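The values are calculated or read from the model by the stated rules, or taken from the named source; none is laboratory data. For clarity, every value in this text was computed on a predicted model and none was experimentally measured. Heads up, the Cβs are rebuilt from the backbone with ideal geometry, glycines too, and the neighbour counts pull from every protein chain shown.
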Amino acid sequence: MTLMSRRHFHHMAMSAGAAAALGMFGRGVAYGAPGSGFRAMVGLFLFGGNDGWNMLVPTDIATYAAYVASRQTVALPPSAVTPLAGSGLGLHKAMASLAPIWDKGAMALVLNAGTLAAPLTKATWASRPDLRPSNLMSHSDEQEHWQGLRAQGINRDGFMGRLHDRMGGAGGVPPVVSFGGNNVALIGQQAQPLVLPSRAVLTRTATGNNAIDAAVNSFAGGTGLDDVTASTAQTLTDAYAMSAATSAVLSATGSVDGFFVDPATGSALTSDVAQQLKKVARMIEARSTFGHTRQSFFVSQGGYDTHDNQVTGGDVASGVHANLLGDLALALSAFYKAMEALGLQDNVTAFTMSDFGRTYRGNAQYGSDHAWGNNHLVIGGGVTPKGVFGRYPDPTLGGADDISNEGRFLPTMAQEEYLGAILKWHGVADADMGYVVPNWGTWSTNGRGPIGLYG
């Protein structure tokens, strides 16, 4: 029988349920990042397919009229939109807490971005199915497309993990950390991240049974074991070490915690996304403890597959989507304030991702269905003040940008152009971009390239 190598065992462990939670711990390394100064990126994945067309709403008279005509059952009234000065767009009123960040010039908008294997027009979409992304509008496939950046292939590793491969150094607490679960974005071809729970810390608890404790300790030692068992033993040992190294930071109250409150009530923010971002803020505050000059974080928020009850029929400004966006905005606003307090507001970039956008046309159940292009938010990191990148699509159903008659908009910006800008800001060398972003050659030539997110 051929024994499995340690590297292959760890890749297998990452898709093996509970084993993954341990397997993530031990293979990480600390950055020896290029350039000077600290930088961190925080990718926030909105699972289910966020309706970016109600997150960012056109405010000019003509486009807003077309918006109402096409969105139908889910169109927001003007009273439910918070204008963003100078952009021609407004935030859903549930996200009004982010408007001051826009006014400061610390937020940018990314319009109609999505999965693309190659530049497409509506005509080439119809005539060249070989250029289309695979299994488009499937949740699992599009989540992997966003995280792995291979629009037509299998994604076994992701852009944060490959970044970690290239920027790795000596052992220690990994600089790639997830509080949003085990996801493809985090997996490298060599290095592995640290995956931690959003609401607790991992500690080793004795059973009280001396024989069992002794057996666990002996197994964790890994002496004289075969490759797979020894790798598992080493993983346990590493897991214990990682939990000890991080638990003090994550279990203690940090100076950043006081910002994670609802400004209207003074009550602590209790949503899961707020808890995740609070722990990210603690890790950033403790960056010198871990020896990190670069950090990458993955956080998430679920519930965005809003086929029904996206809005409340009698009040389209309320409903499931409004509640999600409200929690998201309060969490991001608190996180930005925490970074300001640390003097790191220009050193940390938070950015959204999601499976896909929703259909522009609302359905009879006051919801929307799977679509393609979508809008995104980027906060902090010294972004171009009040920058708007990309083009808002023609809202006409069946129009120039719609590949259906329901408002499934063909993206005019590739994920690579959006995420590539953040990766380059983070410190990825030009020579490494093709490794971190597999299809970089397509999106860095012929007039394409990373968008000008940073001023």
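Quick notes on this structure:
- Of the candidates Asp226, Asp262, the single residue that is at pLDDT below 75, of a type outside the set (Gly, Ala, Ser) and either surrounded by fewer than 17 Cβ atoms within 10 Å (Cβ to Cβ) or more than 22 Å from Met41 (Cα to Cα) (or both) is Asp226.
- Residue that is farthest from the chain's Cα centre (by Cα), among those in region 353-388 that are hydrophobic (A, V, I, L, M, F, W, C) and closer than 21 Å to Ala40 by Cβ: Val383
- Of all residues making up region 52-79, the number that are within 26 Å of the chain's Cα centre (by Cα) and assigned to a helix (DSSP H, G or I): 5
- Tallying residues that are buried (at least 19 other Cβ atoms within 10 Å of the Cβ), of a type in the set (A, V, I, L, M, F, W, C) and either in contact with a Pro (Cβ under 7 Å, 6 or more places away or on another chain) or closer than 29 Å to Met339 by Cβ (or both) within region 371-403 yields 6.
- Output for region 389-403, where each listed residue is in contact (Cβ under 8 Å) with a residue 40 or more places away in the chain and over 20 Å from Thr59 (Cβ atoms): Leu397, Ala400, Asp402, Ile403
- Residue check, Ser368 assigned to a loop (DSSP other than H, G, I, E, B) and surrounded by 22 or more Cβ atoms within 10 Å (Cβ to Cβ): yes
- All positions within region 33-59 that are surrounded by fewer than 17 Cβ atoms within 10 Å (Cβ to Cβ), of a type outside the set (Phe, Trp, Tyr) and touching a Leu at 6+ places or on another chain (Cβ under 9 Å): none
- Candidates Asn323, Asn347, Asn309 - the one that is touching a Phe, Trp or Tyr at 6+ places or on another chain (Cβ under 8 Å) and closer than 18 Å to Asp51 by Cβ: Asn309
- Selected residue [part of a helix (DSSP H, G or I), under 19 Å from Met41 (Cα atoms) and in contact (Cβ under 8 Å) with a residue 60 or more places away in the chain] from Ala350, Ala334, Ala322: Ala334
- Residues of region 285-327 that turn out to be over 21 Å from Asp346 (Cα atoms) and under 20 Å from the mean Cα position of the chain (by Cα), as a count: 14
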